[in-house]
1. Pick out, from F197, A244, G137, the residue whose Cα sits farthest towards the positive end of the charge dipole of segment 137-287, with +1 on the Cβ of Lys and Arg and -1 on the Cβ of Asp and Glu.
2. Which of these values of semi-axes √(5λ) of the Cα gyration tensor in Å was calculated from the structure shown: (1) 45, 27, 20; (2) 37, 27, 24; (3) 49, 21, 20?
3. Pop out the ³J(HN,Hα) list for segment 313-328 in order, Karplus 6.51 cos²θ - 1.76 cosθ + 1.60 with θ = phi - 60°, rounded to Hz; leave Gly and Pro as x.
4. I'd like the orientation of helix 475-486 relative to the chain: the angle between its Cα long axis and the longest Cα principal axis, in ° from 0 to 90, rounded to 10.
5. Identify all lysines with a Cα-Cα distance to K150 below 20 Å; exclude those on the same chain that are fewer than 8 residues away in sequence.
6. How many percent of the alpha carbon pairs in segment 379-452 exceed a separation of 17 Å?
7. Consider all pairwise Cα distances in segment 324-408 and report the whole-number % of them above 17 Å.
8. Per residue, what volume in Å³ does the Cα convex hull of segment 58-97 take up?
Amino acid sequence: MSEPSTFATALVNETATADLMADLALLVGPDDVITLSGDLGAGKTAAARAMIRYLAGDDTMEVPSPTFTLVQHYDLPPYPLLHADLYRISGSGELEEIGLAPLPEGTVVLIEWPERAGGALPADRIDIAFSHRPALGSAARAVEITGYGKAAAQVARLAALRQFLDDAGYGDAKRQRMAGDASTRSYARLIRGDTSFILMNAPKRPDGPAIHDGKSYSAAVHLAEDVKPFVAIARGLREQGFSAPAIHHADLESGFLITEDFGSAGFVEGTPPAPTARRYEAATDMLAALHGRTLPEILSVAPHIAYTIPIFDTEAMLVEVGLMLDWYLPDRGIEPGGDLRAEFTAMWRALLEKANAAPRTWVLRDFHSPNLIWLKQRPDIKQVGLIDFQDTVLGPAAYDLVSLLQDARVDVPEPLELALLARYVKARLGSGAPFDPAGFAELYAIMSAQRNTRLLGTFARLNRRDGKPHYLRHQPRIWTYLDRSLAHPSLSGARAWYQAHIPPPAA
């Protein structure tokens with residue numbers, strides 16, 4: 001077991017307490033346990049209340065002390081949370097009665113008076129010990145934060161984050177929670193007066209098992225494993241005249257960034273959300289402009305630090321589509337055998353020959369509505385704000401257009417998809433550079449089939465491995481997109497194979 005990690009700080013008032021708990025909330029997640037210790041009135045409940053309000057996005061939310069109820073449950077936007085007070089229990093034997101033995105899965109647990117649990121607390125936990133410091137003011141507290149077991153790394157990271165914010169001059173900025181994504185990154189708004197900035201927490205991606213010719217999945221498909229690609233691509237996009245956020249402060253080693261805040265005006269509206277045609281047109285035009293340029297393959301991260309954009313080659317695309325066999329089919333009750341796997345791989349290797357031979361450009365990878373911000377004050381294609389591009393690779397231009405026009409999280413009606421596809425083709429033809437519309441249409445279908453095959457597997461994996469079942473609701477939409485692409489004549493063989501072997505997702 002790793003050694004505990006500890007750091008201490010002083011909190012002069014409730015605002016400072018709220019900032020500390022917001023910073024901690026940025027780094028924890030389901031199944032983490034946080035204990036709050038200290039004398040009566042030391043500030044344990046105030047700290048728990050601050051974290052709960054931050055996660056709820058509501059500074060006025062009623063958060064009663066669980067002194068008499070013993071346990072309070074909260075269904076918060078990022079995950080469930082349980083707030084317990086053990087002051088009135090006599091020992092660990094009572095933990096089962098109040099739902100703390102065993103601890104609930106998929107939940108963050110805050111426990112006041114943890115010493116009443118005896119030795120029943122998990123080995124992996126964060127303890128926050130509060131004590132009065134009247135010399136600093138009536139509301140001042142000294143705090144010692146210790147991470148035990150696996151949580152030692154979280155506490156070390158919390159200390160690094162606090163130091164980064166202080167060094168950058170944002171230690172006293174108000175924190176506001178932002179929704180995360182399917183990655184290990186997390187975000188918060190830092191607000192000072194009328195100005196806000198984005199804090200990105202991007203820890204180094206764990207390598208994972210070497211299951212693809214000696215490489216982890218992320219390495220095999222060229223996913224960013226630290227924050228340097230984001231910095232390089234952001235700089236490269238801005239140099240090309242596109243709207244990527246300016247980076248004001250960076251800790252490249254720890255993976256903390258403070259960036260420009262583009263706001264929250266999106267590319268969809270209504271209930272259920274539907275594409276805003278004008279904004280999708282601008283995004284289509286932006287892609288056409290990007291794809292019409294000769295772009296560098298090596299970018300600068302910082303002085304004397306260069307980044308080479310990886311190539312999205314056949315092997316990487318094969319690993320991606322393999323998620324269908326590894327996760328989607330088992331989710332549908334099918335364990336693919338060796339013959340099925342061999343047929344699948346041979347079929348896809350042949351299909352991807354054309355993609356591998358196509359001219360390469362920057363593929364931003366997740367160019368769809370959740371990652372696009374509407375910047376109405378800017379001109380023309382600069383109105384398209386880009387916020388997620390760290391996984392950029394060199395590959396076929398059709399890939400990002402598929403990402404946009406077959407949005408995994410929003411229904412894009414087929415007439416709108418075809419109209420925007422025609423708009424893109426017209427813009428590429430009008431640029432004067434060589435462009436083959438028929439060849440591009442075929443590549444668009446192949447990339448659609450590749451991407452949507454991968455997404456069916458990705459969302460099944462998020463459900464089964466990561467405990468994120470809400471992604472399954474997107475699978476029927478993805479299946480519809482996949483069915484559209486398989487209708488292309490060049491994919492007739494693949495269509496027949498999918499009809500024979502791949503069942504549709506559950507409704």
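The values are calculated or read from the model by the stated rules, or taken from the named source; none is laboratory data. All values derive from a computational prediction rather than experimental measurement. Cβ placement follows ideal geometry from the backbone for every residue including glycine, while neighbour counts extend to all protein chains displayed. The accessibility values were calculated without ligands, DNA or RNA, using every heavy atom of the protein model including side chains. Shrake-Rupley method; radii C 1.70, N 1.55, O 1.52, S 1.80 Å.
1. Value computed over the given set: G137.
2. (1)
3. With coefficients 6.51, -1.76 and 1.60, one gets 8, 4, 5, 5, 5, 5, 4, 4, 5, x, 4, 4, 6, 7, 10, 5 Hz.
4. 20 degrees
5. K204
6. 52 percent
7. Of all Cα-Cα distances in segment 324-408, 65 percent exceed 17 Å.
8. 80 Å³
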